[in-house]
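*Asks:* Please see the structure below; I have some questions.
The values are calculated or read from the model by the stated rules, or taken from the named source; none is laboratory data. Keep in mind that what you see is a predicted model, and the values were worked out from it rather than measured. Heads up, the Cβs are rebuilt from the backbone with ideal geometry, glycines too, and the neighbour counts pull from every protein chain shown. With ligands, DNA and RNA removed, areas are computed over all heavy atoms of the protein, side chains included. Shrake-Rupley method; radii C 1.70, N 1.55, O 1.52, S 1.80 Å.
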Amino acid sequence: MMILTDVGEVGVHVGDRVHILRPSLYAMSQLGEPREIVELYAAVMGENPTLADSLAVVFACSEDDLSDVFGAWVEQGDKSHYQSGQVEPETIVLLARCLLKHGVTGALPELPRPADQEPEYAQEFDARAHVSMAMAHLGVSERDAWQMTMTSLVGALRAKFPPTQSDAPGARAPSKTEMEEALAWHDKVVAMRG
């Protein structure tokens, strides 16, 4: 069984069974509404992620019932408690973070951008829009598009549409910060020459 770790798949070996966790666009869409997915991403990637959120991510990435491996929340009357599995809670959080990174943002190096351009943050993760993009630009079927991870989608789009250097006037000009640093260096050199 091939496990595509480069696009975010994780192999879980239990005895003679192998389960694949795949952070596909479909799996990410199962985590909630577009805004809720971003909120869950922030919560799991933050300083105090909850085990419930982390388990939700792990379980969304598999078609198999893995509660014997990762544990599960068990209802008893009007209360619930975590019944542990074979994997430690700390490992579940780490797995969830890895899966979310590959499933929501993609785990590829950032493209260079002008120094004065701030990164953009989305308030929503619309998996359906990404599926449509994959279908339109990559020519994949809808089923195949839903099975893509963000890492595989971004990688394929970068391969098809590589970033280009703009030849527009001023495109290669230094940013304001770079210009100020160069002028400060120049002033320092002139002062040293006396």
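*Asks:* Return the residue satisfying two criteria in turn: it lies in the stretch 12-28 and is over 18 Å from residue 107 (Cα atoms) and in contact with a helix residue (DSSP H, G or I) (Cβ under 9 Å, 6 or more places away or on another chain), and of such residues it is surrounded by the fewest Cβ atoms within 10 Å (Cβ to Cβ).
*Replies:* Taking the candidates together, the pick is 14.
*Asks:* Of the conditions (1) farther than 29 Å from residue 68 by Cβ; (2) open to solvent by 90 Å² or more (accessible area, probe 1.4 Å); (3) at pLDDT 90 or above, residue 137 clears all except one; give me its number.
*Replies:* Unmet condition: (2).
*Asks:* Exactly one of (1) part of a loop (DSSP other than H, G, I, E, B); (2) within 30 Å of residue 164 (Cβ to Cβ); (3) not hydroxyl-bearing (Ser, Thr, Tyr) is unmet by residue 87. Its number?
*Replies:* (2)
*Asks:* Go through the stretch 113-134 and give me each residue that's open to solvent by 50 Å² or more (accessible area, probe 1.4 Å), farther than 14 Å from residue 156 by Cα and touching a residue at least 24 places away in the same chain (Cβ under 8 Å).
*Replies:* The answer is 114, 115, 116, 122, 123, 124, 126, 128.
*Asks:* State the number of residues belonging to the stretch 37-70 that are open to solvent by 40 Å² or more (accessible area, probe 1.4 Å), more than 25 Å from residue 146 (Cβ to Cβ) and not aliphatic (A, V, I, L, M).
*Replies:* Looking only at that region, the number is 4.
*Asks:* With respect to residue 77, determine if the residue is at pLDDT 95 or above and of a type in the set (Gly, Ala, Ser). Before the answer, list the steps.
*Replies:* Numbers: at pLDDT 95 or above: no; of a type in the set (Gly, Ala, Ser): yes.
So residue 77 fails the test.
*Asks:* In addition: Would you tally the residues in the stretch 90-110 being over 13 Å from residue 150 (Cβ atoms) and at pLDDT below 95?
*Replies:* Restricting attention to the stretch 90-110, the residues satisfying the condition of being over 13 Å from residue 150 (Cβ atoms) are 90-97, 109-110.
This time we only want the ones that are at pLDDT below 95, so: 109-110.
The qualifying residues number 2.
*Asks:* Please work out which residue is farthest from residue 58 (Cα to Cα), limiting yourself to the stretch 71-86 and to residues that are open to solvent by 100 Å² or more (accessible area, probe 1.4 Å) and in contact with a helix residue (DSSP H, G or I) (Cβ under 9 Å, 6 or more places away or on another chain).
*Replies:* Among those residues, the one meeting the criterion is 83.
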